[in-house]
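The values are calculated or read from the model by the stated rules, or taken from the named source; none is laboratory data. These numbers come from a predicted model, not from an experiment. For neighbour counting, all protein chains shown are included, and Cβ atoms are generated from backbone atoms with ideal geometry for every residue, glycine included.
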Amino acid sequence: MKVISTEYSQILASRLAGANGWDLVDVRFSRFPDGEQYLKAGQVGNEVLVVGSVTDSDAIIQLILLIDACQGADITLALPYMGYARQDKQFSAGEPLSARAIAGILSRGVSKVFVVNVHDPAVLRFFDIPAHSLSLAPEIGTFLKETGCKEPLILAPDAGAARFASAVAGVNGWDFDHLEKTRLSSEEVSMAPKNLCAEGRDVVIVDDIISTGGTLATASRLLYGQGARNVSAACVHGVFAGGAYSHLISSGVRQVYCSDTIERGCSLYSAAGIISDGITRC
Ligand code: R5P
């Protein structure tokens with residue numbers, strides 16, 4: 001097996017190569033004068049793992065081109081972050097089902113795909129090939145323990161993320177809960193843990209994605225108001241749209257951590273282990 005990646009997943013791809021003794025294939029990326037993307041890949045051999053997060057339109061095009069450049073080999077695709085997955089329904093007439101569109105395009109010429117913490121694993125049905133969902137929750141639990149966190153309260157920002165919080169907390173036998181939103185007026189919402197009390201606790205809010213950080217900034221402010229000692233945040237995919245990282249820190253969130261599914265300065269845990277395990281298992 002060889003590993004090759006888009007520009008968006010270079011570090012994760014080299015970790016995968018290093019951890020498994022696979023060769024990392026060199027790729028040169030450039031653009032034509034009109035702005036179109038171009039790439040030239042080295043020899044991929046008979047079996048290749050293509051790694052590329054879908055973070056934006058350029059990343060999608062680059063991934064499509066890279067998969068095409070690998071045609072002729074048996075291709076396994078790792079999608080560390082599958083952007084466009086949250087538009088997973090036609091919420092109203094005339095809308096695209098974006099998750100289906102992206103999954104369809106990325107199935108072409110590929111044998112199987114591994115996706116890390118996709119927002120709703122039901123979208124995997126849109127791939128035309130075997131598609132496997134991987135969760136980074138155990139790695140986040142292990143990482144938090146290594147930071148010296150002692151008996152934190154692990155909180156999901158909503159009921160939908162409660163299973164994720166339970167999986168993070170379960171690694172160390174920590175308490176977990178989810179936040180419940182109460183609308184006080186048309187402008188004001190209150191949020192508090194559904195069953196447990198945040199007073200005097202170190203709280204870590206965990207989620208699959210931090211996008212604008214709006215949910216977490218509000219939650220952190222309210223948790224401090226309820227007497228929390230420390231509020232930190234750990235997610236899988238650090239999208240950090242519109243200055244979200246600074247927004248969170250300036251809102252009092254002490255630490256913000258994410259994985260290398262999107263390569264950031266605060267990517268402190270890796271998806272390489274779960275992708276390697278997934279490939280070995282399937
Ligand atoms: C939503 O269901 C997701 O799990 C995240 O909670 C959401 O995408 C976070 O968005 P934001 O950071 O913009 O509040």
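Every condition in (1) touching a residue at least 12 places away in the same chain (Cβ under 8 Å); (2) in the same structural domain as Met191 (by TED's automatic domain parsing) is met by Ala101 except one, and the failing one is (2). Might you let me know whether the stretch 112-120 holds any residue that is of a type in the set (A, V, I, L, M, F, W, C), surrounded by fewer than 22 Cβ atoms within 10 Å (Cβ to Cβ) and either in a strand (DSSP E or B) or under 20 Å from the mean Cα position of the chain (by Cα) (or both)? No: zero hits.
Applying the criterion of being among the β-branched types (Val, Ile, Thr) and either at positive phi or within 19 Å of the chain's Cα centre (by Cα) (or both) to the residues of the stretch 172-219, the residue that is surrounded by the fewest Cβ atoms within 10 Å (Cβ to Cβ) is Thr212.
Set side by side, the residues Leu39, Leu16, Leu24 differ, and just one is assigned by TED's automatic domain parsing to the domain that holds Gly109 and in contact (Cβ under 8 Å) with a residue 60 or more places away in the chain, which is Leu16. Listed by first and then second residue, the pairs with beta-carbon distance under 8 Å, at least 6 apart or on different chains, first residue in the stretch 266-282 and more than 29 Å from Ala244 (Cβ to Cβ), second β-branched (Val, Ile, Thr) and modelled with pLDDT of 95 or more, are Ile279/Thr76. If you go through the stretch 76-100 and keep only what is surrounded by fewer than 17 Cβ atoms within 10 Å (Cβ to Cβ) and either of a type in the set (Phe, Trp, Tyr) or closer than 16 Å to Ser53 by Cα (or both), you end up with Arg86, Phe91.
Only residues that are within 16 Å of Gly173 (Cβ to Cβ) and more than 16 Å from the ligand (Cβ to nearest atom) were counted across the stretch 148-162, and they come to 5. Inside the stretch 151-169, residues that are assigned to a helix (DSSP H, G or I) and touching a residue at least 60 places away in the same chain (Cβ under 8 Å) make up a count of 1. With respect to the conditions (1) part of a helix (DSSP H, G or I); (2) in contact with a Leu (Cβ under 9 Å, 6 or more places away or on another chain), Asn172 lacks only one, and its number is (1).
Which members of the stretch 242-282 meet the condition of being of a type in the set (Val, Ile, Thr) and touching a Phe, Trp or Tyr at 6+ places or on another chain (Cβ under 8 Å)? Passing the criteria: Val256, Thr261, Ile262, Ile275, Ile279.
Taking the stretch 99-113 as the range and being under 20 Å from Met1 (Cα atoms) and of a type in the set (Lys, Arg) as the test, the residues that pass are Arg108, Lys112. Highlighted here are the strands (runs of 3 or more DSSP E) found entirely within the stretch 1-103 that include at least 2 residues which are aliphatic (A, V, I, L, M) and out of contact with any His (no Cβ under 9 Å at 6 or more places or on another chain): 2-5, 37-41, 47-51, 74-79. If I filter the stretch 191-214 for residues that are touching a residue at least 12 places away in the same chain (Cβ under 8 Å), touching a helix residue (DSSP H, G or I) at 6+ places or on another chain (Cβ under 6 Å) and acidic (Asp, Glu), do I get at least one hit? The answer is yes; a qualifying residue exists. At least 2 residues being within 16 Å of the ligand (Cβ to nearest atom) is the threshold, and among the helices (runs of 4 or more DSSP H) wholly inside the stretch 206-281 those reaching it are 214-225, 244-250.
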